[in-house]
Amino acid sequence: TPQSGTVSLDGQAYAQLSSRTLARQVAFLPQVLPIPEGVSVAQLVAYGRSPHNSFWGRLSGADRGAVDHALQRMGLEALADTALADLSGGQRQRAWLAMVLAQNTPVVLLDEPTTYLDISHQVELLDLMRELAAEGKTVVTVLHDINQACRYADHLAVMHQGRLVADGTPAQVVDAELMQRVFEVQVQVIREPVAGTPMCVVEKRTRAPT
């Protein structure tokens, strides 16, 4: 329950939606997740189909197809029978992301999804987010790498001390004054040579660490 204001989906308050209905519309991947004991990668990904399958939890052919597609899309087919606890941090993150893909919702919320991923898999994930948006999904993510955010996001919302301080396209939002005010760093904002988006080159920190 929000401390103030309201949270709604397509004009309907969250509180009016059942958990099952909401889970068919919104997939959420938090930053910190437990490691379920005795659960394989394929079983974890299959949990993403829970809002869609029968009361008894049996997977239909369509459910199994969605699971297989998610495993393939995240490059996890060879690890399908591996226990989640036996994976590296990056592999585990990709397994959770595959579960979100299998859930197949129109809205996807991701909290720092590139955590634990090496640079190759970060790019893979960010490309995937762009693909999902191109397929018509709404993808909202928290990123702390401002240059990644500028390159991959259509719309940025910059938060500082719990408040929204700027929002708009990367070109509209990112400038040296904003970086100074929010992150206390002096930067040069240049044009990224590949994507043409704003890129911040840090010159120095403007406040001594405490």
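The values are calculated or read from the model by the stated rules, or taken from the named source; none is laboratory data. Just so we're clear, the structure is a prediction, and the values are computed from it rather than from any experiment. Note: ideal-geometry Cβ built from the backbone for every residue, glycine included; neighbour counts use all protein chains shown. To get the accessible areas, we keep the full protein, side chains included, count just its heavy atoms, and leave off ligands, DNA and RNA. Shrake-Rupley method; radii C 1.70, N 1.55, O 1.52, S 1.80 Å.
For segment 138-173, which residues satisfy the criterion of being basic (Lys, Arg) and in contact with a strand residue (DSSP E or B) (Cβ under 6 Å, 6 or more places away or on another chain)?
At the first step, the residues of segment 138-173 found to be basic (Lys, Arg) are 151, 163.
Result: no residue meets the conditions.
What residue, of Ala95, Ala42, is of a type in the set (A, V, I, L, M) and either at positive phi or touching a helix residue (DSSP H, G or I) at 6+ places or on another chain (Cβ under 6 Å) (or both)? First the steps, then the outcome.
Values: Ala42 fails: either at positive phi or touching a helix residue (DSSP H, G or I) at 6+ places or on another chain (Cβ under 6 Å) (or both).
Every option except Ala95 fails the conditions.
Regarding Gly38, is this residue surrounded by fewer than 16 Cβ atoms within 10 Å (Cβ to Cβ) and free of Cβ contacts under 8 Å to residues at least 40 places away in the same chain? Walk me through how you get there before you give the answer.
Working: surrounded by fewer than 16 Cβ atoms within 10 Å (Cβ to Cβ): yes; free of Cβ contacts under 8 Å to residues at least 40 places away in the same chain: no.
Answer is no for this residue.
Quick one: would you say Val100 is closer than 24 Å to Leu9 by Cα, open to solvent by less than 70 Å² (accessible area, probe 1.4 Å) and either under 14 Å from the mean Cα position of the chain (by Cα) or of a type in the set (Gly, Ala, Ser) (or both)? If you could, list the steps in order and put the result at the bottom.
Values: closer than 24 Å to Leu9 by Cα: yes; open to solvent by less than 70 Å² (accessible area, probe 1.4 Å): yes; either under 14 Å from the mean Cα position of the chain (by Cα) or of a type in the set (Gly, Ala, Ser) (or both): yes.
Considered against the rule, which asks whether it is closer than 24 Å to Leu9 by Cα, open to solvent by less than 70 Å² (accessible area, probe 1.4 Å) and either under 14 Å from the mean Cα position of the chain (by Cα) or of a type in the set (Gly, Ala, Ser) (or both), Val100 comes out as yes.
Among the residues of segment 14-35, write down those that are open to solvent by less than 80 Å² (accessible area, probe 1.4 Å), part of a helix (DSSP H, G or I) and modelled with pLDDT under 90.
Tyr14
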